[in-house]
1. Would you please name the residue that is surrounded by the fewest Cβ atoms within 10 Å (Cβ to Cβ), looking only at residues in the range 1-21 that are of a type outside the set (A, V, I, L, M, F, W, C) and in a strand (DSSP E or B)?
2. Could you list all residues from the range 133-155 that are assigned to a helix (DSSP H, G or I) and farther than 14 Å from Pro186 by Cα?
3. Look at Lys163 and say whether it is assigned by TED's automatic domain parsing to the domain that holds Lys69 and within 13 Å of the chain's Cα centre (by Cα).
4. Any residue that is surrounded by fewer than 21 Cβ atoms within 10 Å (Cβ to Cβ), under 29 Å from Gly187 (Cβ atoms) and of a type in the set (S, T, N, Q) - is there at least one of those in the range 51-70?
5. With the structure loaded, tell me whether Pro123 is without any contact (Cβ under 8 Å) to a residue 12 or more places away in the chain and within 28 Å of Arg73 (Cβ to Cβ) or whether it fails that test.
6. Looking at (1) over 23 Å from Arg230 (Cα atoms); (2) touching a strand residue (DSSP E or B) at 6+ places or on another chain (Cβ under 7 Å); (3) buried (at least 21 other Cβ atoms within 10 Å of the Cβ); (4) not β-branched (Val, Ile, Thr), which one does Gly141 not meet, given that it meets all the others?
7. Residues to consider are Val54, Val74, Val61; find the one that is under 19 Å from the mean Cα position of the chain (by Cα) and in the same structural domain as Val109 (by TED's automatic domain parsing).
8. Given the conditions (1) closer than 30 Å to Pro153 by Cα; (2) modelled with pLDDT under 95; (3) of a type in the set (A, V, I, L, M, F, W, C), report the number of the one that Met1 does not fulfil.
Amino acid sequence: MASVFQPGNTAVITGGASGIGLALTKRCVGHGMKVLVADWDEELLGQAGASGEVSTIKMDVRKLGEWTKLNSRVTEEFGGKLHLLALNAGVGLMSDWSDLQSFQQILDVNLYGVINGINALLPAVKSTAASASPAAIVITGSKQGITNPPGNPAYNASKAAVKALAEHLSFDLRNVPNIGVHLLVPGKPDGAWWPEQVVDYLEEKMAKDKFYIMCPDNDVSEDTDKKRMRWAVGDLVEGRPPLTRWREDWKTKAQEWMDSQPA
């Protein structure tokens, strides 16, 4: 699927005016692709499009009408062909049980931004694949949607749901030739790689047709991530209480178990 990064190919990247989205935008431009960047931040969007190398559209991924406009741009500028759809837009707000508004906003952007994007642009991706051109859908998830650390229930729930959606999409498209689906999982924010490193890793794993693209980070190795995920699944399989890795009466046992596991 790294073959989508070819001169003349097309890409839509949501949340493409900053961070990983911007790094991916620049990577696509570097490969000679035509890129349409969607973002809600008008100032950052202006900076992203200042060189004239990319097209931009200001949009709110929560609103279906905005996706209709974006789809029209794909038809007008790309002839309805879409080789890379990167559903990357998201918010990292904090949530607590007393603030319904934060739950609504986080779920609307992080979850429905993906649902809306698939609904609006999957036909264009399928059309491209049907013409024997490789196409790919990259969905940005989070390690918090997998290991579920306490402290931000809405964000964790949104990213856990995004993981489930990406898995279902991959399964449902398994017999459609020339389409790859990838779940990009960056490192945790306080130790994360630079966006350009994440995109390097993404392109490398796409070339190997990997669905789960779990980025290591500056604090946590790939082996440690895997051990944490296995322990988390063990809460369910072993009938333990949820989130034992953070519970005072389980933390030591969890760490001892992870230390005992081979690299």
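The values are calculated or read from the model by the stated rules, or taken from the named source; none is laboratory data. Because the structure is predicted, anything quoted here is derived from the model rather than measured. Glycine also receives a Cβ, built like all others from the backbone with ideal geometry; neighbour counts cover every protein chain displayed.
1. Thr10
2. Pro153, Ala154, Tyr155
3. yes
4. Scanning the range 51-70 turns up at least one residue that is surrounded by fewer than 21 Cβ atoms within 10 Å (Cβ to Cβ), under 29 Å from Gly187 (Cβ atoms) and of a type in the set (S, T, N, Q).
5. yes
6. Looking at each condition in turn, Gly141 falls short on (1).
7. Among Val54, Val74, Val61, only Val61 is under 19 Å from the mean Cα position of the chain (by Cα) and in the same structural domain as Val109 (by TED's automatic domain parsing).
8. The failed condition is (1).
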